[in-house]
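Trainee: Have a look at the structure that comes next, please.
Taken together, the values in this text are just the output of simple stated rules run on the coordinates, not laboratory data. Small disclaimer: the values here were computed from a predicted structure and weren't measured. Reconstructed Cβ throughout: ideal geometry from the backbone, glycine too, with neighbour counts over all protein chains shown.
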Amino acid sequence: MPAEGKMKEVTSVVNAVKDAKIQCPLVGSWTNFVTINLVANTQLAVGGRAAMCFLPDEAKPLAFVSKSTYINVGTLQPVALQALTEAAKAAVELGKPWVLDPVAAGLGDTRTQLLNALKQYKPSVIRGNASEIIALANLWGIQTEKKGKVEGVDSTDTVDAALSSALELAKWTGGAVAISGETDIVLDINNTYRISGGSAMLKSITGAGCSLGGVIAVYAGVADPLTAALTGSVVYKYASERAAKKGMGTFSFQTAFVDNLSLLNADEVEKYAKSHINS
C-alpha cells in the first residue's frame, strides 16, 4: 500500500475512534439473545449508546432516533422475520446506515426467507465469517460457483476463499464487506485491506463476531461504511491482543477485552493501525 494511501486510512480509523467517544451515537440493535449482553457492552465500551430491540413496531421510531442500525440473524425469534425486515426498511427510508451480520446464512428456511427479504435494502456493511459471506452471495444469487461450508456459526472456509464473494456483495450493495478470520479482509468496490494481529482467544468466547458487527455499527454512525468496518476490525485486533497478554482464562479474557475497548487510546490505535493494515 502506498504510504500516502495507508496514512489516509489510518487517520480515518483514528478519527472514527475519537468521534465515537465524542458523539456517542445511538445504535438500534436487533441481535440474538445469546450474545445481546456482549454486543451492548462492547458498543458502550467504544463510545456508542446501545438500544436492544426485537418488536416490529419499534423499528421505525428506533431508526428515526438512531445514527445507525445493526441487524444480526442468529437465534431467530418468532417475530424476527417481520421485525428485522421492518428495521432494515426503516433505516434505508430514513437514509441511515445499517450493518448486517448474516449468522449461519443458508441454515434453515426461516433464516433463508429473512435474508432474502433483506437483500433489497442493501446494507451499508456486511460482516461475517468466510463461510457466511460465501453462503450469502449464493443465497442472493450474486455468485453461484462457490459454495460455503457453514456449520452452525462456524466457518470452514478460508478468508481468501471468500474474497470474490465479498467483492460481488460489495458491488451489489455499494457498501463495504468485512470477512472475519485470523487475518480480516475489509473491502469495498475500490479498496481491499487485510488486518493482521488479534488473539485466538476471541474464538473461545460467545459473541465475538456478533459484537464486532455491533461495534462496526457504532462506527457507521460517525464514519463512512469502509472506515467503520476497518475501524471495528482494527480495534478488535488491538484490544484482544492486549487482553490476551494477561494470560487469563476465557471469561477473564472477555472482561479484559471489553475493558481494553473502553480504554482505547487514539495514539496507540494509530501505531497499531500503521503496522497491521495492509493492502
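Trainee: Past 20 Å, Cα to Cα, is the threshold; run Lys8/Lys271; Lys21/Lys171; Lys67/Lys122 against it and keep the listed order.
Mentor: In this structure, Lys21/Lys171 lie more than 20 Å apart at Cα.
Trainee: Moving on. Can you put Ile216, Ile205, Ile134 in order, fewest other beta carbons within 10 Å first?
Mentor: Ile205, Ile134, Ile216
Trainee: Determine the shape class of region 2-131: with a ≥ b ≥ c the square roots of the Cα gyration tensor eigenvalues, call it rounded for a/c under 1.5, and otherwise prolate if a/b is greater than b/c, oblate otherwise.
Mentor: prolate
Trainee: So, with +1 on the Cβ of K and R and -1 on the Cβ of D and E, and no other charges, what is the size of the charge dipole of the chain about its Cα centre, to the nearest 20 debye?
Mentor: 280
Trainee: What's the exposure ranking of Phe33, Phe257, going from fewest to most Cβ atoms within 10 Å?
Mentor: Phe33, Phe257
Trainee: Helix-derived [θ] at 222 nm for the chain: sum -39500 (n - 2.57) over DSSP H runs of at least 4, divide by residue count, nearest 500?
Mentor: Computed mean residue ellipticity for the chain: -16000 deg cm²/dmol.
Trainee: Through the Karplus equation 6.51 cos²θ - 1.76 cosθ + 1.60, θ set to phi - 60°, convert the phi angles of region 160-177 into ³J(HN,Hα) values in whole Hz; use x for Gly and Pro.
Mentor: Using θ = phi - 60°, the values come out as 5, 5, 8, 4, 5, 5, 4, 5, 5, 5, 5, 5, 5, 7, x, x, 10, 10 Hz.
Trainee: Once you put a point 7 Å from the Cα of Lys246 and another 7 Å from the Cα of Met7, both along the Cβ direction, what distance in nm separates them?
Mentor: 3.6
Trainee: Quick check for me: using +1 on Lys/Arg Cβ and -1 on Asp/Glu Cβ, what's the dipole size of region 196-275 about its Cα centre, in debye to the nearest 20?
Mentor: Roughly 280 debye, rounded to the nearest 20.
Trainee: What length, rounded to one decimal in nm, is gained on full extension from Asn37 through to Ala266, with 0.36 nm per residue of separation minus their alpha-carbon distance?
Mentor: Working it through step by step, the gained length comes to 79.9 nm.
Trainee: Here is a further query. Please label the shape of the chain as rounded, prolate or oblate, based on the square roots a ≥ b ≥ c of the eigenvalues of the alpha-carbon gyration tensor (a/c under 1.5 means rounded; beyond that, a/b larger than b/c means prolate, else oblate).
Mentor: Rounded.
Trainee: Taking the Cβ-Cβ separation of Asn15 and Lys122 as r and a Förster radius of 25 Å, what is the calculated FRET efficiency to the nearest 0.05?
Mentor: Values: r = 25 Å, r/R0 = 1.02.
Here the calculated transfer efficiency is 0.50.
Trainee: Can you list residues from other chains, or at least 5 along the same chain, whose modelled amide H is less than 5 Å from the amide H of Asn129?
Mentor: For Asn129, the qualifying residues are Ser180.
Trainee: Given a Förster distance of 35 Å, report the FRET efficiency between Thr255 and Glu182 from their Cβ-Cβ distance, rounded to the nearest 0.05.
Mentor: On the way: r = 23 Å, r/R0 = 0.67.
It comes out at approximately 0.90.
Trainee: Could you please rank Thr31, Thr227, placing first whichever residue has the fewest other Cβ atoms within 10 Å of its Cβ?
Mentor: Thr227, Thr31
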